[in-house]
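The values are calculated or read from the model by the stated rules, or taken from the named source; none is laboratory data. Nothing here was measured: the structure is a model prediction, and the numbers come from that model. As a convention, Cβ positions derive from the backbone with ideal geometry for all residues, glycine included, and neighbour counts pool all protein chains shown.
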Amino acid sequence: MKKRHYLVTGGAGFIGSHLVDRLLAAGGQVSVIDNFDPFYPASVKLKNITDHLQHPSYRLYEVDLRNYGSLETIISSQPIDVIIHLAAKAGVRPSVTNPLDYHEVNVTGTLNLLELARRYRIGQFIFASSSSIYGPAATAPFREDAPLLPISPYAATKAAGELLCHTYSHLYDLRTICLRFFTVYGARQRPDLAIHKFARLIAEGRPIQVYGDGLAERDFTFIDDILQGVLAAIDYQQSSFEIINLGESGTITVNRLIGLLEEALEKKAIVEYHPPQAGDVPLTHANIEKARQLLRYNPTTPIESGIGKFVEWFRQEQQEIK
Ligand SMILES: NC(=O)c1ccc[n+]([C@@H]2O[C@H](COP(=O)([O-])OP(=O)(O)OC[C@H]3O[C@@H](n4cnc5c(N)ncnc54)[C@H](O)[C@@H]3O)[C@@H](O)[C@H]2O)c1
């Protein structure tokens, strides 16, 4: 039987490198596009993909999504079954000071890929969207049909990406599935994200900066649960366009999160409170009924048990650095 060929953009990053692990383990052919964006060190991303580089069914293209010609060379030269588009400028707060770059990578980059998916007749396109697009006013738990009122350039670019996916699906018979990820954590988590950043600061005995009163609530999703949803979306064929939340459907406050980290790390945090930052939303909370129905999604790792798994990985990393 012919191997399925997956093109994973952002495959050197946190979620992408985990997805590549799974696709290779399942016997797939995997091509990755990643430009090793300097948002966090390339050395971290290289470490994520060390094993992949040895694999005979893996190929890495160090290419920027903004470069349509280079993308075309890659996509036109091999039969690709599914594109899983995870590459993006991530992070809400830096987008507030740098909206143009976010637009170019997240909107124009996504359009470049959709256009090539259309021209080279790729069957399925999965797009990594974000819970941040709901904005501050949605009724919790957020349903996919809630009105979108993004309050950061990052969130607005993800909403634009979803609209482009819908348009391409409608006009050009390209199946597109937009997955709204709710803050993802686990081994290899991006160093800028709260759980990883807080763990590092607590371990080093340095103060944690909390913006707001620490009562903001987040629905944190464990990486294995996100992968469960992404892998199911890759096989989903019942309709030509869907938007689906992938979360844990439980929330905790930032203060409680710090408490859980203190317990797991067996060390007290020094917490400094500051005024809230522009672009941050007070709450994310996923309604996951649609994911349960369409993808048989069944998340199994609430934050209370996931934190322990994260800290296990974090301690190993710290050991290796020493
Ligand atoms: N991690 C989360 O909590 C979360 C939540 C919601 C949505 N998402 C989305 O999921 C996707 C993956 O997130 P992640 O946390 O793994 O981020 P990540 O930063 O670890 O991975 C993204 C990868 O994309 C690459 N990239 C960035 N700009 C690029 C460009 N111009 N050309 C080619 N490659 C480029 C980066 O080098 C990186 O390896 C992103 O689209 C992100 O917006 C993540």
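Being over 19 Å from LEU231 (Cα atoms), of a type outside the set (Val, Ile, Thr) and buried (at least 23 other Cβ atoms within 10 Å of the Cβ) is the requirement here; does SER169 meet it?
no
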Number of positions in region 44-88 that are closer than 23 Å to PRO191 by Cα and of a type in the set (Asp, Glu) = 3
request  = Scan (1) farther than 30 Å from ASP280 by Cβ; (2) modelled with pLDDT under 95; (3) touching a helix residue (DSSP H, G or I) at 6+ places or on another chain (Cβ under 9 Å) for the single condition ARG93 breaks and write down its number.
outcome  = (1)
note = Matching residues in region 1-53 (in a loop (DSSP other than H, G, I, E, B) and within 13 Å of the ligand (Cβ to nearest atom)) number 13
ask   = Within the group THR167, THR157, which residue is within 10 Å of the ligand (Cβ to nearest atom), more than 17 Å from GLU317 (Cα to Cα), outside any loop (DSSP other than H, G, I, E, B) and hydroxyl-bearing (Ser, Thr, Tyr)?
value = THR157
inquiry  = Kindly evaluate ILE122 against the criterion of being in a loop (DSSP other than H, G, I, E, B) and touching a strand residue (DSSP E or B) at 6+ places or on another chain (Cβ under 8 Å).
reply    = yes
task = Take region 145-166 and flag every residue that is surrounded by fewer than 19 Cβ atoms within 10 Å (Cβ to Cβ) and either among the hydroxyl-bearing types (Ser, Thr, Tyr) or over 25 Å from ASP101 (Cβ atoms) (or both).
result = ASP145, ALA146, PRO147
query = Considering region 95-126 alone, what residues qualify as being touching a residue at least 40 places away in the same chain (Cβ under 8 Å), within 11 Å of the ligand (Cβ to nearest atom) and more than 25 Å from HIS5 (Cα to Cα)?
reply = SER95, TYR102
request  = Restrict the check to region 127-146 and report whether at least one residue is more than 14 Å from ALA286 (Cα to Cα), of a type in the set (S, T, N, Q) and within 15 Å of the ligand (Cβ to nearest atom).
outcome  = no
key: Residues located in region 116-138, provided they are surrounded by fewer than 18 Cβ atoms within 10 Å (Cβ to Cβ) and either within 28 Å of TYR236 (Cα to Cα) or touching a Lys or Arg at 6+ places or on another chain (Cβ under 8 Å) (or both)   = ARG118, ARG119, TYR120, ARG121, GLY123
